[in-house]
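Comments concern the structure below.
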Amino acid sequence: MKVMKFGGTSVGSTDAIKQVVSIVEKAAQTSQVYVVVSAVGGVTNQLVSLSQKAAIRDKSYEEDIAQLKTQHLEIFEVLTGSTTDEFIDHIFTQLTEVCKGVFLLKELTERTKDYILSSGERLSSYMVNAYMEKQGLDVQLFDAREYIITDKKFGGANVIWQPTTQNFEALKENKKQVNLFPGFIASTLDKETATLGRGGSDYTASLIANLLKADELEIWTDVNGLMTADPRLVRQAKLLEHVSYEEALELSHFGAKVLYPPSIQPALDVNIPIAIRNTFDPGGPQTYVTKEWQDGQTIIRGISSIKDVALLTLTGPSMVGIPNFSARLFKALSDAKVNVILITQASSEHSICVGISQADVVLAQQAVDEEFHTEVMLRKIDPVKIETDLCIVALVGSNMRDHVGISGKMFSTLGTNGVSIKAIAQGSSERNISVVIAQNHLKKALNTLHESFFLSELKKINLFVVGVGNVGKAFLSQVRKQQAMLAKEFRVDIQVVGIANSKQCYFEEQGMDLTKWTELLKTGDACDIDGFIERMKALNLRNSVFIDITASKSISAVYQGLLESSISVVTPNKIAATREMEKYLSLKWATKKYGSQFLFETNVAAGLPVISTMNDLFKSGDKVNSIQAVLSGTLNYLFNNYDGTKPFSSIVKDAKALGLTEPDPRLDLSGEDVMRKLLILIRESGRKFEMDQIAQVSFLPEACEKAKDLDEFYDLLDANEAHFQQLYADANAEDAQLRVVASFKNGEAKVGLEKVQKSHPFYFLEGKDNIVLFYTERYDEQPLVVKGAGAGAAVTASGIFADVLRIANS
Ligand code: ADP
Ligand code: ASP
Ligand code: MG
């Protein structure tokens, strides 16, 4: 014999009910079955809400009842063909009368509420029975209230085993093939209707399985079984095919709603296996729950969560001396019927903190204030402190007790995503570690923990890209081309969630289709940088990376706040790293404190690994003594291509058209861009340095530096063409090349135009090549050389991409 329980969604529509009946019919061919059904999905919640409305004299409860009646009659009609039914009428008449009483008295007791809620299961079981009879099944409908006897704790009554066992004895002789029970409902010894607590149909089924010694208990629901996390919050959640009773208990206790925690005990007591199965995928995989079962592989079996939690904290220096302090606290809470979900107490005993349901806050506060009234007056303890809008996240697994470092990994995973932990508790069974965090971080916390504990999963990186000019476009196209390969080979799932140009932005939480980002952006909303950041923060996704591909000062000003929100920043924009030393250090400090990263490899020599090489040298204990470099691809291009035959200005215009200059080429020509790069290198070598400490010898005639705008600048270049011809002729006469060289030696930095002879490594630099020579303690005679293309959209984009991958792999 087996017991099959069908939940709310499984009986939530006519199609679902038909599916249920066909599953039952098939099972009944090989064994006798006991079937337990929940109320039609959502009905119990609606009954709760309408009864509360009646209690506050909100007349709209009457419409709610009418609407519920229509809903049931519609289902009934499709199942049986009849448009009216005496029994259904009768239930709704009773419901209306009881609610009228509540309305008049303005009082809703737990007892009355249980009676109201019982309507849901009484109706659903009646309709399922009618359809089963119509289909010709050998079925009998029982009223659970005549069999399951409880105490008077309405709202979550406890079964009294002796009379209940006796009642079920009689059923052992019953030979019907299908025996149908409404779940959730029961009655007290004096025959008052009671319920077994929300989700209690699971308990009804487990109880029947226990009393009738079933071979198996099947819980049929709308998912394939217990999963590694709530599939509504974690898309990557995976089915657990086999778990122990203890693990199932722990997972469900901490929020895996698929199984009502108390329902495990009756099955466990007589060792009946539980199968959790999907009504809408009956042949699909399922979860099997049995006695202790060691997986041996995964340490963590699942991650569950409880929403709407509040923390109640009592602190005070004299708490140590108050006898029975904890006992009094828990007694006060239990007398007020406040359920304690989690407890932590610091070993100093100066504070105790309990997690309770947010709905119980008022009750709990009253109870605790009353109990400790005197101590608070005498200032032995502080008034109780309540924090709300929290949730609990728990890691569950039997193998956890044999492993060290799990909590450390949990805390650091949460920390690097900016989730701060308010309280921690480890169950004495060592089967779970729970943390209390802010509810708005729940989804992010679950997903990031899921990624870090279920290693086979993909690590998701969420990108927010601002600036879609040449480099931005190249970057998006590189990401698009690599996405699939990175997911397959390197287990990182890089998604672009937000993009923006200076006017519009577009967001897609799961990541956008990069083959059509241009069209998507056009459909986006008007927004400025503040709007963009607001939306990015509201999404609050794990592993968020902000990518600034603009040259904008105002955008660089937002990095500090982002890094402090644990959002990493990647950028080719040099402004932030070249502002005052104090501000640069403050950005670095934020990354350390908030676990974020600030990467700007492309600030110097585009995609060439210059900064990362220097960081590696620094970290491995080497010291950079001097730097000599040609750092402007633009200026190289100009001097490699200028030979006096075409005016200097036209070479500058060519370079701009090729995307080789800053948006304003004057930044390149003035040498300022090179100075910024040198400053960054000096700073990254571990020194404090400011822009005004760099000596600059300009090669531009003074008049050109005073140009008001770009057009005037070009005119002035033409007016001074002779100056450039002279520079070229002088170099040519010595068979030398012109290079703008940046150098740092003995604590002094300078940037200026130099004539470079054939014997020097700077002589042979093609097109837009950059070159950097590092002289260090280890590379003291022959420098460490990094050389290659130092400008251009594609190489800059690939440098940005490399920074993103550094974050993905950290
Ligand atoms: P029923 O009405 O069938 O009793 P419930 O709504 O009570 O169904 O429970 C099933 C739901 O539990 C699923 O739809 C799923 O969203 C949720 N759930 C939460 N955590 C988990 C988990 N770890 N594994 C599976 N389902 C979960
Ligand atoms: N209908 C009840 C509820 O929604 C019992 C159940 O579905 O298990 O809580
Ligand atoms: Mg349920």
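Selection of the stretch 748-763 for residues being open to solvent by 70 Å² or more (accessible area, probe 1.4 Å) and among the charged types (D, E, K, R) yields GLU748, LYS750, LYS755, LYS758. Return the residues of the stretch 706-745 that are among the acidic types (Asp, Glu) and touching a Phe, Trp or Tyr at 6+ places or on another chain (Cβ under 9 Å); say none if nothing qualifies. Listed by number, the residues that qualify are ASP718, GLU721.
Of all the residues in the stretch 214-235, those that are touching a strand residue (DSSP E or B) at 6+ places or on another chain (Cβ under 8 Å), farther than 20 Å from ILE272 by Cβ and either of a type in the set (A, V, I, L, M) or more than 16 Å from ligand 2 (Cβ to nearest atom) (or both) number 8. Entry remark, the stretch 1-45: residues being over 20 Å from ALA205 (Cα atoms), part of a helix (DSSP H, G or I) and more than 16 Å from ligand 3 (Cβ to nearest atom) number 3 in total.
When the stretch 188-202 is examined, which residues are found to be away from ligand 1 (no atom under 14 Å from the Cβ), farther than 15 Å from ILE116 by Cβ and open to solvent by less than 10 Å² (accessible area, probe 1.4 Å)? Of everything in the stretch 188-202, just one residue is away from ligand 1 (no atom under 14 Å from the Cβ), farther than 15 Å from ILE116 by Cβ and open to solvent by less than 10 Å² (accessible area, probe 1.4 Å), namely THR188. Is one or more of the residues making up the stretch 226-239 away from ligand 1 (no atom under 14 Å from the Cβ), touching a residue at least 40 places away in the same chain (Cβ under 8 Å) and either buried (at least 21 other Cβ atoms within 10 Å of the Cβ) or of a type in the set (S, T, N, Q) (or both)? Looking through the stretch 226-239, none of the residues is away from ligand 1 (no atom under 14 Å from the Cβ), touching a residue at least 40 places away in the same chain (Cβ under 8 Å) and either buried (at least 21 other Cβ atoms within 10 Å of the Cβ) or of a type in the set (S, T, N, Q) (or both). Where helices (runs of 4 or more DSSP H) fall wholly inside the stretch 172-288, the ranges with 1 or more residues that are aliphatic (A, V, I, L, M), out of contact with any helix residue (DSSP H, G or I) (no Cβ under 7 Å at 6 or more places or on another chain) and within 26 Å of MET127 (Cα to Cα) are 201-211. The numbered conditions (1) open to solvent by less than 60 Å² (accessible area, probe 1.4 Å); (2) of a type in the set (Ser, Thr, Tyr); (3) without any contact (Cβ under 8 Å) to a residue 12 or more places away in the chain are all true for SER351 except (3). Taking the numbered list (1) within 17 Å of LEU333 (Cβ to Cβ); (2) touching a residue at least 12 places away in the same chain (Cβ under 8 Å); (3) more than 22 Å from the chain's Cα centre (by Cα); (4) surrounded by 14 or more Cβ atoms within 10 Å (Cβ to Cβ) in turn, LYS380 passes all entries but (1).
Criterion applied to LEU207, LEU108 was being of a type outside the set (D, E, K, R), within 16 Å of ligand 1 (Cβ to nearest atom) and within 42 Å of the chain's Cα centre (by Cα), and the one residue passing it is LEU207. A search for C-beta distances below 6 Å between a residue of the stretch 117-130 that is without any contact (Cβ under 8 Å) to a residue 60 or more places away in the chain and any residue that is open to solvent by 10 Å² or more (accessible area, probe 1.4 Å) and away from ligand 2 (no atom under 11 Å from the Cβ), counting only pairs 6+ apart in sequence or on different chains, returns TYR126/PHE87; ASN129/LEU141; ALA130/THR80. Can you find even one residue in the stretch 592-605 that is more than 30 Å from SER565 (Cβ to Cβ), out of contact with any Cys (no Cβ under 8 Å at 6 or more places or on another chain) and surrounded by fewer than 23 Cβ atoms within 10 Å (Cβ to Cβ)? No, the stretch 592-605 contains no residue that is more than 30 Å from SER565 (Cβ to Cβ), out of contact with any Cys (no Cβ under 8 Å at 6 or more places or on another chain) and surrounded by fewer than 23 Cβ atoms within 10 Å (Cβ to Cβ).
Just one of the listed residues (SER187, SER201) is modelled with pLDDT of 95 or more and within 16 Å of ligand 3 (Cβ to nearest atom), namely SER201.
The values are calculated or read from the model by the stated rules, or taken from the named source; none is laboratory data. These numbers were taken from a predicted model, which means no experiment stands behind them. Neighbour counts are summed over all protein chains in view; Cβ atoms, including those assigned to glycine, are modelled from backbone coordinates with ideal geometry. Only protein heavy atoms, including side chains, enter the accessible area calculation; ligands, DNA and RNA are left aside. Shrake-Rupley method; radii C 1.70, N 1.55, O 1.52, S 1.80 Å.
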